[in-house]
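What follows is calculated from the coordinates using simple rules that are stated; it is not laboratory data. All values derive from a computational prediction rather than experimental measurement. Note: ideal-geometry Cβ built from the backbone for every residue, glycine included; neighbour counts use all protein chains shown.
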Amino acid sequence: MIPASATTDMGARPAGLADALRSHPHPGGIIVHPEKRFIYMKSCKTAGTSIFRKLLEPQLGGFIHQRGNKPAYRQWITTVTDADLADYYIFSSVRNPWNRFQSLCGHFKLPVPEVLDRIEELRAADRNFRFHAVPQIHYTHVNGQAFCNRLARVEALQDDMNAILSDLKMESVTVPRANANPNRPDRAVLSKEEAQRIAALYPDDVAAYGYEFSETAPA
């Protein structure tokens, strides 16, 4: 099931947001445009490459992030305050947690049962795997409180990104598929036991975004 709304009813942002960003488990997923005052919280396996490289970067320069401009990013992240963040527009992209987990397995060319059995070992041994496996809730909530203005759902990506780009006063363009691999090994239908184990790994993601498990292969 796709959540009914990708808009967050923003009141005051949660206290401690700046500190939460400084201690984020995936600092490379924080994409900042200080001049335009917006942040894209880019979780792995949620169309992030398409959104950032194909929609945002072609229209705007001046982004800072850990991989692209580390000194500028470090200066920003160490000095930003909750008061600074109060007038930032923040968005993220989210995906059905079961499909995202399957995509994670496909990315690392590992079968779902093996990853379920070895996930803590894989997280400890492989930094890249650990970043890819970070729960989506870390990109959208602090202490259970949402801090994003909008979410772009992978399952309704064009419509949701049209709304976000409109908010940012940027041109709406067709969202391309980046990093798509039709031969990925993540196309099999999950068993009910596998689905339950994935839900147990990501309970906050399941609760926060309104998705439900579907006994069909992922899109």
Worksheet entry | Over 23 Å [Cα-Cα, region 99-180], rounded percent | 42 percent
Fill in: Under Karplus coefficients 6.51, -1.76 and 1.60, residue-wise ³J(HN,Hα) of region 81-91 in Hz, glycine/proline x
10, 4, 5, 4, 6, 4, 10, 7, 8, 10, 9
Worksheet entry | Expected 222 nm ellipticity per residue - DSSP helices of 4 or more, -39500 (n - 2.57), all of the chain, to 500 | -10000 deg cm²/dmol
Practice prompt. Tell me which residues come under 5 Å, amide H to amide H, from V94 once H is placed; ignore anything under 5 positions away on its chain.
Written response: A152, R153, V154
Fill in: Estimated distance in nm for a label pair at E155 and H24, the labels positioned 7 Å out from Cα along Cα-to-Cβ
2.5 nm
Worksheet entry | Principal axis dimensions, largest first and in whole angstrom, of region 56-95 by Cα | 28, 25, 21
Worksheet item: Just from the alpha-carbon atoms, what are the Rg and Dmax of the chain in angstroms?
Response: 17.0, 48
Worksheet item: Tell me, what is the percent relative contact order of region 1-112, built from C-alpha pairs under 8 Å that lie six or more residues apart?
Response: 32 percent
Worksheet item: Taking only pairs that are 8 or more places apart or on different chains, how many Lys pairs in the chain have Cα atoms under 23 angstrom apart?
Response: 14
Worksheet item: What angle do you read, to the nearest 10 degrees and between 0 and 90, between the alpha-carbon axis of helix 157-167 and the longest principal axis of the chain?
Response: 10 degrees
Worksheet entry | Rounded tilt (10° steps) of 97-107 against the dominant C-alpha axis of the chain | 80 degrees
Fill in: Intensity falloff of region 53-156 expressed as log10 I(q)/I(0), Debye formula with alpha-carbon point scatterers, at q = 0.10, 0.15, 0.19 Å⁻¹
-0.40, -0.89, -1.25
Discussion item. Given contacts defined as C-alpha pairs under 8 Å and at least six residues apart, what's the relative contact order of the chain, whole-number percent?
Written reply: 32 percent
Worksheet item: Mind checking the angle between helix 70-79 and the chain's longest principal axis? C-alpha axes, 0 to 90 degrees, to the nearest 10.
Response: 70 degrees
Worksheet item: Ranked from highest to lowest mean number of other Cβ atoms within 10 Å per residue, what is the order of the peptides 75-85, 126-136, 101-111?
Response: 101-111, 126-136, 75-85
